[in-house]
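What follows is a single structure, written as structure tokens, with notes after it.
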Amino acid sequence: MKKRVLSLLLAGVMLVGVLAGCGGDKGSADGAKTYNVGVSIYQFDDNFMTLYRNEIEAYFKTLETDDVKYKVTIVDGKNDMATQTNQIDTFITQKMDVIICNLVQTSSAETIIDKVVAANIPLVLINREPLGETDESYAGILENEKVCYVGADARQSGTYQGEIVRDLPNKGDMNGDGVVKYVMIEGDPENPDAQYRTEFSIKALTDAGIKVECLVDQVGNWATDKGQQIAASALTQYGTDIDVIFCNNDGMAIGAAAAIEAAGRKVGQDILLLGVDALDDCVDMIKAGTMTGTVLNDHIGQSHTAVDVAIKALKGESIDNYYWVDYVKVDASYVNK
Ligand code: BGC
């Protein structure tokens, strides 16, 4: 009899726990509430996203208290949308309290959003914008009270790259032939960051009345080895005709820098080299004069915003659909300040 009362009591307590639990496991030994956070990153093997995901994890830790803990599960999308879709399905089955997703393919945004919304789980998209705010044809894609995007406006990063060149005394015309001839090394073309940086870096030059000519425009998929290969073959083919090598990110610019050195060219003297992200290595290169400039892609600001918003959302507080973090222009004058 006693046993039966006890188990009824226990069942009652568990039921109250389930009913009360708008997310979060109660009942760890010390009484703290643990929230489960699922994070899917498009690819672990990416310089920038590695800094970003490490900071997500570290920042969640700093926000823990005696009463609130975060169990953060971070998985590698392996640059494969099918893999990532499975990961999101698993997060849904596991009843995560919030999901943070760095999409493999922005074209799959709607499918992912629909799934997560149907499961009533808040979704914070990061780094790869499902073109809603910056491309009107996708307007409304995030219009849901539990879905948002945290990122930086890639048009700004492209513009800053172009402005660094525009503001040089020779306006980027290193060989003095009257035209800025450039090589463009692009990230994944499906990624708006790649599209906008490619477009807006050059627009900053043409808007200033500078004549430009594209010698090579190739996809390096954000990767250092690809950046090196593309730059090396462009340098072999076009030699001193090349004034500027624009890279959509620093990873590829590091590769291009190796190719520039191997070709016996000197950044700042006969060629210019631009990237985006402001990885530590590139900031050092700008200080040393082996790179012209980059643009800080603020992974600290972005990851902290994403985490802060995720926490608001899992607590049921209202969130906006878009959160923007500014880029910062990083050139020689900036790093030598
Ligand atoms: C960064 C790249 C990175 C990409 C991943 C961009 O914002 O600049 O370095 O590879 O995001 O999506």
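Each reported figure results from applying straightforward, stated rules to the coordinates on display, with no laboratory input. The structure presented is a predicted model; accordingly, all values stated were derived computationally and were not measured. Cβ atoms come from the backbone with ideal geometry, glycine included; neighbour counts cover every protein chain shown.
So how strong a dipole does the chain carry about its Cα centre when Lys and Arg Cβ are +1 and Asp and Glu Cβ are -1, to the nearest 20 debye?
Roughly 1360 debye, rounded to the nearest 20.
How far, in degrees from 0 to 90, does helix 224-238 lean away from the longest principal axis of the Cα atoms of the chain, to the nearest 10?
20 degrees
Mind pulling the angle between the C-alpha long axis of helix 250-262 and the longest principal axis of the chain? Nearest 10 degrees, somewhere in 0 to 90.
Compared with the principal axis, the helix lies near 30 degrees.
Less than 18 Å apart at the alpha-carbon level, and either on another chain or at least 8 residues along: which lysines does that give for K211?
The reachable lysines, counting only those whose Cα sits under 18 Å from K211, are K171, K181, K203.
Lysines within cross-link reach of K337: Cα-Cα under 18 Å, excluding same-chain residues under 8 positions apart?
K287, K329
Once the mean 1/r over all distinct Cα pairs of region 43-147 is inverted, what Kirkwood radius in angstroms do you read off?
Mean inverse Cα-Cα distance, inverted, gives 14.7 Å.
Going by average Cβ neighbours within 10 Å, how do the peptides 236-244, 150-158 rank, with the highest at the top?
150-158, 236-244
With the cut-off at 1.5 for a/c, could you classify region 241-337 from its C-alpha gyration tensor as rounded, prolate or oblate?
prolate
Who wins for biggest fluctuation among L63, L274, L142 in a Gaussian network model of the chain, springs between alpha carbons below 10 Å?
Per the Cα network of the chain with a 10 Å cutoff, L63 tops the list.
Straight distance only, please: which lysines reach the Cα of K71 with their own Cα at less than 30 Å, same-chain residues fewer than 8 apart left out?
K26, K33, K61, K95, K115, K146, K312, K315
Which angle between 0 and 90 degrees, to the nearest 10, do you get for helix 154-166 versus the longest principal axis of the chain when only C-alpha atoms count?
Value to nearest ten degrees: 20.
Alpha carbon centre of region 253-314 versus region 28-85: separation in Å?
The two parts, judged by their Cα centres, are 24 Å apart.
Which residue fluctuates the most in the chain, going by a Gaussian network model with Cα springs under 10 Å, if the choices are T93, T106, T85?
T93
For a quick check: sort C247, C282 by the number of other beta carbons within 10 angstrom, fewest at the front.
C282, C247
Does the chain come out rounded, prolate or oblate, given a ≥ b ≥ c as the square roots of the eigenvalues of its C-alpha gyration tensor, rounded meaning a/c under 1.5 and, failing that, prolate meaning a/b above b/c?
Verdict is prolate for the chain.
Just name one of A278, I245, P122: the one whose Cα is farthest towards the positive end of the charge dipole of the chain (beta-carbon charges, Lys/Arg +1, Asp/Glu -1).
P122
Please build a GNM for the chain, connecting alpha carbons under 10 Å apart, and tell me which residue among G293, G227, G31 fluctuates the most.
Of the options given, G31 has the highest mean-square fluctuation.
Could you work out how much longer the chain between D241 and L215 gets when fully extended? Use 0.36 nm per residue separation minus the Cα distance between them, nm to one decimal.
In short, 8.5 nm is gained.
Using a/c under 1.5 as the rounded threshold, could you call region 24-97 rounded, prolate or oblate? The axes a ≥ b ≥ c are square roots of the C-alpha gyration tensor eigenvalues, and prolate needs a/b larger than b/c, oblate otherwise.
Because a/c hits 1.5 or more and a/b fails to exceed b/c, region 24-97 counts as oblate.
With a Förster radius of 45 Å, plug the Cβ-Cβ distance of N170 and N321 into 1/(1 + (r/R0)^6) and report the FRET value to the nearest 0.05.
Here the calculated transfer efficiency is 0.55.
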